Structure formats: structure tokens, C-alpha cells
Amino acid sequence: MKTEILRADPPGLARAAALLLDGDLVAFPTETVYGLGGDARNDMAVARIFEAKGRPQFNPLIVHVDSAETARRYVRWTETADRLASAFWPGPLTLVLPIRPDAGLSALVTAELPTLAIRVPAHPVARALLAQFNGPVAAPSANPSGRISPTSAAHVEAGLSGRIAAVVDGGACDVGLESTIVGLSGAPALLRPGGLPQEALEAALDMPLALRGAGDPLSAPGQMTSHYAPGAPVRLNATNLRPGEKLLGFGKVEAAMNLSPAGDLTEAAANLFHHLHAMDALGAKTIAVSPIPDHGLGRAINDRLRRAAAPRP
Ligand code: TXA
Ligand code: MG
């Protein structure tokens, strides 16, 4: 299969929507990372997503829709969902709610869980594609399973070229980290830290979120311990360099690459996956990473870095 590179203009988006309607896979930009989209109602399309990524098991997928109003067709809506959706959609937040029996989605999307993960992306290209396609799009991050998430069309091509029908090139992603996932089938719970800081959610809810540990079956099941792995091993909280290491810095340090010389967590999040890709290309034997403060977006950055550093299966 030759992967088409589509422009984010009306003819490109029309082509992308037509491919989706045919059950083909199209990678597209969101404000968080690039997604690998398929028609969430079409079993073949959803099966192709797992095949293209080489996902070892059927982890449930996030469904992308154009509005909270559309989301209500697929999940049992609640007052809390409404509060979070009003505050943060469109944006980097995924809500997990009980799926409606009449949702009409492929069973592969939820991996037979009674809940569905759903979000309304903010990226104008994602929104234009959803409008044109006029249906629910299942989309995991557009990377081969276990590798770093893509924040540019070039990253997608490097990982999935020849395995998917097309990529819509919409430039670099602003947020650079996947969406924050909040479970709402019981007390609001943080299932995956991400591009929307926990503090912002707790302020909107006016209560603390329940936290889920790794290994907790209610935690986002696709959160395997080793994930987001660059080619080279990763050493965290590095304050010095050992032989063969290159430093991925944060703040005022001398480093091969720096997530944010100014020590800004938003900038560091936006650069994280791009810099990990680039450090691999620099041929680092080991990637040493400066300490990152563990608040705001720093929590999601540290979550991804811990997974990148975890022993590989
Ligand atoms: O920012 C994002 O969320 C990106 C863009 C493309 O939207 N998507 C993304 O998808 O990160 P993916 O497949 O890489 O991660 C989806 C996560 C997995 O950890 C999965 O286990 C979890 O969502 N998930 C999906 N459905 C779930 C459910 N019903 N309950 C709990 N977790 C769920
Ligand atoms: Mg992913």
C-alpha cells in the first residue's frame, strides 16, 4: 500500500473523509498527538487499526466526535460529564462513560468493556475532518505499538508508511501529549494524566479526582508499563552525564537537546515526543533526562518518561 500524504485543504479533507467512509485508515493531526483514524462503526476499519499499529492485544480505543451533543448519542451522559465537557471541550480531555446499547459502534472499539472513551478534539484540521466525515472516528495515537507518539506528519510516516491509506499533514501538534482520561462511571477518576492538568480538572469539579494505580484494572487498560519507548534506553532524573549518554535537558543545563531552556512545562510537553524522536536520530547510546517538576503538565511528562524508561518486554 502506498500511503498518500494529503494537504489539510478542502480537496485533501474530502479525500480523507472518502477513505474513512470506505473503511480505510487515515492519520490526522489533533491538538495532542496525531491519531490513526478509522470509522468507529466499521469492524473491518477498527480491526485494521490494530493490525497497522501491531497492537498485541485489543486495547479499547478513543472515539472522536465533533461535539458534546454528538457524544451523547454514544454514551450515557451525566451532570459531571456536562460540567467537564462545557469547561474543556473541544480540548485535550477524554471522558469514559457507560456506552449506550444503541451506540452502533464496532465491539472492537471498546474491547467489550461496558464503557466508551470519547473526546472532542480542538485541532481545526481534526474538526474539519470530523465535519466532512460526519461520523464517529476511532483513533489511537498514530505510532506503531509501544513506540513514541507522533507529533508531526513526518513521525507518522516514519512509523506507519505503507501500512495506512493516508496522512493529513496539519503541521506540529500544540500540546504534544495525549489527552487526559477521566473515568466517570463511578466517582471521577484520573485514568491517564495528559495534556489537561489534573489541577484544572479538580478546580472545575471542585473536588479531588480519585487516582488509579498502574495494575488497577479500572485504570486505562492500554497503559502498559513500558510504552512510548525510543530506540535507546532512558535514564531519568539525571543531574550528571555518564559515558555514552546524551542529555535531554530541562531548564538551564548544557544538553544535547533541551525540552525547555526556560523551564516552561507547556513548552516541554509540546517538545517531549519530538525531542525523544530526535535524540534517537542523534545516536545516543542512552538518553539521560533532567529532573522535571512533578506538577501541572509535569505529571503527564513524568508519566510518559517513566514508561519510556521502564524495562522493555
Ligand atoms: O490524545 C489522545 O487521546 C490521542 C489522540 C489521537 O486523540 N489518542 C490516544 O489514544 O492517545 P491511545 O489509543 O493511544 O490511548 C487510548 C487510551 C488507552 O490507554 C486505552 O486503554 C484507554 O484510552 N481507554 C480507551 N477506552 C477506555 C475505556 N473504556 N476505559 C478505560 N480506558 C480506556
Ligand atoms: Mg498511544
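The values are calculated or read from the model by the stated rules, or taken from the named source; none is laboratory data. Since the structure is predicted, the reported quantities are computational estimates derived from the model, not experimental observations. Cβ coordinates were reconstructed from backbone atoms using ideal geometry, including for glycine residues, and neighbour counts include every protein chain displayed. These area figures cover heavy atoms from the full protein model, side chains too; ligands, DNA and RNA do not enter into them. Shrake-Rupley method; radii C 1.70, N 1.55, O 1.52, S 1.80 Å.
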Item to check | Search result, residues across the stretch 156-184 that are farther than 21 Å from Ala52 by Cβ, open to solvent by 10 Å² or more (accessible area, probe 1.4 Å) and part of a loop (DSSP other than H, G, I, E, B) | outcome: Gly171, Ala172, Asp174, Val175, Leu184
Checklist outcome for this item: Scanning the stretch 216-249 for residues that are buried (at least 18 other Cβ atoms within 10 Å of the Cβ), more than 16 Å from ligand 1 (Cβ to nearest atom) and part of a loop (DSSP other than H, G, I, E, B), the one modelled with the highest pLDDT turns out to be Ala238
Item to check | Subset of the stretch 122-155 (residues that are under 14 Å from the mean Cα position of the chain (by Cα), surrounded by fewer than 24 Cβ atoms within 10 Å (Cβ to Cβ) and of a type in the set (A, V, I, L, M, F, W, C)) | outcome: Ala122
Checklist entry - So, in the stretch 45-72, of the ones that are modelled with pLDDT under 90 and either in contact with an Asp or Glu (Cβ under 7 Å, 6 or more places away or on another chain) or surrounded by fewer than 16 Cβ atoms within 10 Å (Cβ to Cβ) (or both), which residue ends up nearest to Arg147 (Cα to Cα)? => result Gly54
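Taking the condition farther than 30 Å from Asp24 by Cβ and away from ligand 2 (no atom under 13 Å from the Cβ), does Glu157 pass?
Values: farther than 30 Å from Asp24 by Cβ: no; away from ligand 2 (no atom under 13 Å from the Cβ): yes.
Here the answer is no, as Glu157 does not meet what is asked.
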Next on the checklist: Looking at the stretch 289-300, can you tell me whether even one residue there is without any contact (Cβ under 8 Å) to a residue 12 or more places away in the chain and touching a helix residue (DSSP H, G or I) at 6+ places or on another chain (Cβ under 7 Å)?
Outcome noted: yes
Checklist outcome for this item: Exception for Glu245 within (1) in contact (Cβ under 8 Å) with a residue 12 or more places away in the chain; (2) closer than 16 Å to Leu177 by Cβ falls at (2)
